[in-house]
Each structure stands twice: as C-alpha cells, then as structure tokens.
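Here the structure is laid out as structure tokens; the discussion comes afterwards.
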Amino acid sequence: MEITIKKTFTITDEQLDDIMCTALEGGITYWCAEAKAVGDYLGEYAHEQISRGGQLILSDSEEDKTYELNKEKLLKGLELYLTNGGDAEIVHGDTIDTCEVDAIAADEIVQYALFGGVIYG
C-alpha cells in the first residue's frame, strides 16, 4: 500500500541563489560548458540571475545545444527533485536547508528543471 503526501515549501531568493551557486561551481560543470546571463546581470554574479527574474543560457559541453533556465523552471526542477526521491536531508520543516544541497543535488535539480528528469550522470 502506498500513500501520497503533498507538502508546501517556502523558498527564498537566497535559497535559489545557493542552489545555483552550487550548480555552477561544480554541480553541472561536467555537462555544461558555459552559463551566460541573458541581458544584463541582475546581481553581482551569474548564480544570482535566476532569483531576480533573469535567465541563464546553459551550453551543453558535448552537443551543440543550449538550454534556457529561469526561475519558474528552477522551482519546478526543485519540486520534481523532491517528489522523485531527492535527498530528504535537505528538507527541514516547511523549508529547504541549502547547506545540505551538495553538487549532486544541485545538478539533479537543474536537470529536472531543464529536462524533466536526470539525463546526465
């Protein structure tokens, strides 16, 4: 027998920045050759672009493909990561502890955001 439990989380812009920082500094670098901000930087660093409503273009390192990442997609990626068995250690009450989001988790969150599942790794 199985049961499904839905839970609502509060995610701050700082938490999104933390996830993207971890992704860009090691989580996705094995498949992503470059991350470029669309338009002007909305923060001081690229990892701050998403939380401020901007977009990043991520370039695949093996194929001539690019993928657009925005806040809506990243939030959906986090949701898919958690509902598909992502690391329960990152959940604390009704929020996410981004100190527990390692490179593997950040990579999977971004892959869920872009592809709807984990295709690399």
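Within segment 43-54, the residues that satisfy the criterion of being part of a loop (DSSP other than H, G, I, E, B) and either buried (at least 18 other Cβ atoms within 10 Å of the Cβ) or acidic (Asp, Glu) (or both) are GLU44, GLN49, ILE50, SER51, GLY54. When the test is whether a residue is buried (at least 18 other Cβ atoms within 10 Å of the Cβ), assigned to a strand (DSSP E or B), touching a residue at least 24 places away in the same chain (Cβ under 8 Å) and hydrophobic (A, V, I, L, M, F, W, C), ALA106 does not pass it. Name the residues in segment 55-74 that are assigned to a strand (DSSP E or B) and small (Gly, Ala, Ser), would you? Passing the criteria: only SER59. Tell me whether segment 60-74 contains one or more residues that are loosely packed, with under 15 Cβ neighbours inside 10 Å, farther than 17 Å from ILE28 by Cα and either out of contact with any Asp or Glu (no Cβ under 9 Å at 6 or more places or on another chain) or at pLDDT below 90 (or both). There is at least one residue in segment 60-74 that is loosely packed, with under 15 Cβ neighbours inside 10 Å, farther than 17 Å from ILE28 by Cα and either out of contact with any Asp or Glu (no Cβ under 9 Å at 6 or more places or on another chain) or at pLDDT below 90 (or both). Looking only at segment 23-42, decide whether some residue is assigned to a helix (DSSP H, G or I), modelled with pLDDT of 95 or more and touching an Asp or Glu at 6+ places or on another chain (Cβ under 7 Å). Scanning segment 23-42 turns up at least one residue that is assigned to a helix (DSSP H, G or I), modelled with pLDDT of 95 or more and touching an Asp or Glu at 6+ places or on another chain (Cβ under 7 Å). Candidates LEU58, LEU74, LEU78: the one that is farther than 22 Å from CYS99 by Cα and among the aliphatic types (A, V, I, L, M) is LEU58. The conditions of being surrounded by 13 or more Cβ atoms within 10 Å (Cβ to Cβ), modelled with pLDDT under 95 and of a type in the set (S, T, N, Q) are not met by THR83.
The values are calculated or read from the model by the stated rules, or taken from the named source; none is laboratory data. Predicted model only: the values in this text are computed from it and were never measured. A quick note on method: Cβ atoms are made from the backbone with ideal geometry, for glycine too, and the neighbour counts reach across all protein chains shown.
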